[in-house]
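Input: a single structure, listed below in structure tokens.
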Amino acid sequence: MVPADEDGRLMRTDLLTDPVDGLDEAFDAVDAFDQALVAGLLRPQPAQAAGLAALADAVAGTPLASLVAEAADKAAAGAAGEDHLVALAAARTALMGAAHDALTDRVADVTGRPRAERSAPDPGATDRDATAADGTGANVLAAARAWLCDLARAGWQGIDHELVAGAAPVVSAMLPDTRLRRLATLLDGFAAELAASCPGATLERVPVRRWADLWTRALLLTLPGAAPAPALSTVTGRLLPLGVDVQEHATAVQAQVHAVLEPSDGTAPRLVRAAVSAPKPDTVVGAGLWQLLRPRMSLLGAAGEGRAMELDAMPVTTEGDLVWDDERARAGEPADPFATARVILAAATDPVTAPLDRHPARIAVPVLLEGYAAECGDDGATVFTVAGHRLVVDTDRVPAAGPLTPETVAASGACLGLLRWDAGEFVLQPLAVETTVRKKTVAVHAGAWAGGTTDKLGVRAEKAATDSVTVLRERAGKLLRA
């Protein structure tokens, strides 16, 4: 989307700063509950009881009302069982989902793009998922649920190494079962964060919202049928990459390619995503990350080279996530992401979001901005002024694994990025920009090095990563031989 194009479409940037009805009230109720988790629910104080009541009041007009009211009362009395804590987690998730829906509705008003309709759920999917969790799986889920409930009772200020270590045997039991690996990964990462913060009584700052998000999601995922396997269909057609979003942690990295799919059957184009992830040592950083990801998905090479891909019966979920299979894709003709955005993006259908994934932090909507004025504030933040309205640019999300820099973003005249919600406002995460170099318009992409590079900085970083991986493999080989 652009401020105004030849089709008369208008990106309503004024709507990005207009208040959203009910949003503040939903977040206030969530924050009140989150604060109750800080000190724990073993011996709640009056302020915590008020926070629990606020959560119950916020869902009073919903089917959850009676369950959550009872759960809030029990928790306020320090007598909450597992079912009560699950009800409170469900209420919090419902509020965050409602906030997500309100914000995505606003984004749809801003971009003017059509939205896909959610298909009716498979009535047997939940039953199949619940059946899959019978026996040993059900026991492991119950153990995970018990550990998470113990965390809620202790509170973030009450955690210690003994309590946090209780997750280790649960994670170990889950990892061999591919059906439980999603939850195992979440619990493992959550426990690692908590362990790094022990003892909780000495914490100067508690990441209240983040830990409550992780706790809530993990607790609901312990319920059989909470997240059934996504329904799959297949698509055939031309895939036009828009940009690559890189998410890096100390022990893992993921690259997600956002793209427009033109189905071969002539139906409307649609926005899709394809992600690839890999474990990594903490010594592999920057452009070296592509060495871990590149062999796992050919789409990265196409995105880095600016090429389309031809898909043949590629599996895709209802939410628009391609289940990538290199055997079902081949490289196509050159395809400029900015040309794709200017010609097709405005008519592409936005995907739906899975029920349990509805959270403001999950909003990442591709948009194209042009005709803005870029400036750097006193705090160093980059701001675009579009049609008289300010939009903060989140340059902290620009990965070190590519040539795009905050300085290049600030000097740009067009930006292809992801519209996100962060810290109470819409922000733009740049994926690529057009800037002027020696009187010529040049495109700079965050994922330009995904398929390899001749850039001096990129080559140097890849060589350093190669050396690190070689050393680690040699050491691992010696340990195995020993």
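Observations, loosely collected:
- When peptides 159-165, 424-430 are sorted by average Cβ neighbour count within 10 Å, with the highest value leading, the order is 424-430, 159-165.
- For the chain, relative contact order (Cα pairs under 8 Å, six or more residues apart, normalised by length) works out to 15 percent.
- Taken one residue at a time, the phi angles of segment 186-191 give Karplus couplings (6.51, -1.76, 1.60, θ = phi - 60°) of 5, 5, 4, x, 4, 4 Hz. Gly and Pro are set to x.
- One decimal place: the segment GLU305-ARG209 gains 30.7 nm when fully extended, by the rule 0.36 nm per residue minus the C-alpha distance.
- Under-25-angstrom lysine pairs by C-alpha in the chain, whenever the two are 8 or more apart or on separate chains: 6
- Using 0.36 nm per residue and subtracting the Cα-Cα separation, the extra length available between LYS456 and ALA313 on full extension is 47.6 nm.
- ASP150 versus ALA60: modelled label distance in nm, points set 7 Å from Cα along the beta carbon direction: 3.7 nm
- Farthest toward positive dipole pole in the chain [+1 Lys/Arg, -1 Asp/Glu at C-beta], among ALA329, VAL59, ALA79: ALA329
- Taken about its Cα centre, segment 232-347 carries a charge dipole of roughly 120 debye when the Cβ of each Lys and Arg holds +1 and the Cβ of each Asp and Glu holds -1.
- CD proxy at 222 nm, helix term only [per DSSP H run n ≥ 4: -39500 (n - 2.57); per residue of the chain; nearest 500]: -12500 deg cm²/dmol
- Across segment 148-154, computed HN-Hα scalar couplings (Karplus, 6.51 cos²θ - 1.76 cosθ + 1.60, θ = phi - 60°) run 5, 5, 4, 4, 4, 5, 6 Hz from first to last residue, x flagging Gly and Pro.
- Where N is the number of residues in segment 16-58, Cα Rg divided by 2.2 N^0.38 Å: 1.35
- Beta bridges by DSSP in the chain, antiparallel share as percent, to the nearest 5: 95 percent
- Debye, to nearest 20: dipole size of the chain, +1 on Lys, Arg Cβ, -1 on Asp, Glu Cβ: 1440 debye
- Computed over the alpha-carbon atoms, segment 356-445 gives an Rg to Rh ratio of 0.97, Rh here being the Kirkwood radius from the mean inverse distance.
- Peptide packing for 225-232, 401-408 was compared via the average number of neighbouring C-beta atoms within 10 Å per residue; ordered from the highest value, the list is 401-408, 225-232.
- Calculated log₁₀ intensity ratio I(q)/I(0) where the Debye formula runs over C-alpha points of the chain, q = 0.06, 0.12, 0.13 Å⁻¹: -0.30, -1.24, -1.41
- Applying a DSSP loop filter and a limit of 11 other Cβ atoms within 10 Å to the trypsin sites (Lys or Arg not before Pro) in segment 199-263 leaves ARG205.
A short reminder: the numbers here are calculations on the coordinates, not readings from a lab. Quick caveat: nothing in here was measured; it's all calculated off a predicted structure. Cβ sites come from the backbone with ideal geometry, for glycine too, and all protein chains shown count toward neighbours.
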